[in-house]
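Scroll down for the structure; my scribbles are underneath it.
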Amino acid sequence: ADSVKTLDIRTNADTPKDAETAKKFGAKGIGLCRTEHMFFDEERIFNFRMMIAAPDLEKRKFALNKILPYQRSDFEKLFETMNGLPVIIRYLDPPLHEFLPKKESEIKELADSLNISYEELNSRIDSLKEFNPMMGHRGCRLSITYPEIAVMQTTAVIQAAINVAKKGIEVKPEIMIPLIGDENELKYVKNIVVQTANQIIKQAGINIEYMVGTMIEIPRATLIADKLAEEAQFFSFGTNDLTQMTYGFSRDDAGKFLNDYYNKRIFETNPFSTIDQKGVGQLIELAVELGKKTNPNIELGICGEHAGDPASIEFCNKVGLNYVSCSPYRVPTARLAA
């Protein structure tokens, strides 16, 4: 199969264990590392909550400085595991309230560490709750409100790349800015990334090449892909969100009514399992066409759940993507389908 296929197969992996598993199955890189998954350890989540709940920039930077070594160390391990293969790192994506404590004892402990009252922290937690978090303050919007998050994550990626390169291991970091819907959002966050990265590389006196791209998951992004391609060196289609936003129903809630759609022959398949080629697929095709018009060498991939589905892989091949990125245990199926 490998001698026939033209699509590369990458993997979605946030830990060295997952990366190693996928590599054994033949993955040629990481197409999605979700940085927020690296915070769930008890000590890490506490510092992450400190960062979210911080009442001012100084306290937020203090918490970010505590988070930085974890991120850097995790990225080093991923770069070492992939050993010269590309690694796409997605910057912080989910709404922040998802990480905040719900137990009274945890809220009290966090309030003490921030030197604020329980009531003040509770009120801060309430203020972060969102009516529609899927379409709320998340993705690139976090880096626009809190640029220091993007600075910390860039520092971690580039320092990790430098440390691993010094061991004689080739590194290929690709920084992915999520949830872009407008070219000015991409310009703003990319500018922070590039300034931070170039400064660190210059100070280190070592040549590290990196790429900056975006996740295409908002329908508007597909329509302005020619503008986005002026800034982005790669597009990765996040087809889970792109499907949700195109259909207007959530992946988590659709299970309540989709069976009726199958039984009544309204839908033949689950649009979250196999790409809806008529609607969502048309948006992807348009983005590929517009992106290539601006930048013929733009790297194109997909990292949603669809990347492990043979029918969707056939579609990705047809529209001219370079790779699909699926979970580690779906890599053999994806290779065969490709």
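The values are calculated or read from the model by the stated rules, or taken from the named source; none is laboratory data. These figures come from a predicted structure and were not determined experimentally. Backbone-built Cβ (ideal geometry, glycine too); neighbour counts: all protein chains shown. Side chains included, ligands, DNA and RNA excluded: accessible areas come from the protein's heavy atoms. Shrake-Rupley method; radii C 1.70, N 1.55, O 1.52, S 1.80 Å.
List of remarks:
- By the Cα gyration tensor, the range 130-243 has an equivalent ellipsoid whose semi-axes, rounded to whole angstrom, run 27, 15, 13 from largest to smallest.
- Calculated accessible area for the chain comes out at 46 Å² per residue, all protein chains present (probe 1.4 Å; ligands, DNA, RNA ignored).
- Violating pairs (Cα-Cα greater than 19 angstrom) within the set K5/K318; K103/K129; K167/K190; K24/K167: K167/K190; K24/K167
- Within the range 24-63: Cβ-based charge dipole about Cα centre, in debye rounded to nearest 20 (Lys, Arg +1; Asp, Glu -1): 260 debye
- Dividing the mean sequence gap of close Cα pairs (under 8 Å, 6+ apart) by how many residues the range 104-205 holds gives a relative contact order of 29 percent.
- Derived scalar couplings ³J(HN,Hα) [the range 93-106; Karplus, 6.51 cos²θ - 1.76 cosθ + 1.60; whole Hz; x for Gly, Pro]: 10, x, x, 5, 4, 4, 9, 6, x, 10, 6, 4, 4, 5
- Percent carbon-and-sulfur accessible area, the range 270-325, ignoring ligands, DNA and RNA, probe 1.4 Å: 45 percent
- Annotation: Cα Rg of the range 177-265 relative to the compact-globule expectation 2.2 N^0.38 Å equals 1.51.
- Amide proton proximity set for I216, modelled H, under 5 Å, gap of 5+: S236, F237, G238
- Annotation: amide H-H contacts under 5 Å for V87 (H modelled 1.01 Å from N, sequence separation of 5 or more, or interchain): I30, K172, E174.
- Two-site FRET efficiency, Y118 against V4, from Cβ-Cβ distance with R₀ of 56 Å, rounded to 0.05: 0.35
- Rounded FRET efficiency, nearest 0.05, which uses the C-beta distance separating E314 from N263 and R0 of 25 Å: 0.40
- Normalised size of the chain, defined as Cα radius of gyration per 2.2 N^0.38 Å with N residues, equals 1.01.
- GNM result for the chain, Cα springs below 10 Å: residue of R265, R44, R72 fluctuating most strongly: R265
- Within a Gaussian network of the chain (alpha carbon springs, distance under 10 Å), most fluctuating of D252, D276, D93: D252
- With helices as the sole contributors, the chain gives -15500 deg cm²/dmol at 222 nm; each DSSP H run of n ≥ 4 counts as -39500 (n - 2.57), and the sum is divided by every residue.
- Residues in the range 284-298 carry Karplus couplings, in order, of 4, 4, 5, 5, 4, 4, 5, x, 5, 4, 7, 9, x, 9, 4 Hz; the curve used is 6.51 cos²θ - 1.76 cosθ + 1.60 with θ = phi - 60°, and Gly or Pro positions show x.
- Model label points for L223 and K61, set 7 angstrom from Cα along the Cα-to-Cβ axis, are 4.0 nm apart.
- Percent of C-alpha pairs per 10 Å bin, the range 185-338, short to long: 10, 35, 32, 17, 5, 1, 0
- For the range 88-166, the share of accessible area belonging to carbon and sulfur comes to 52 percent (1.4 Å probe, ligands and nucleic acids excluded).
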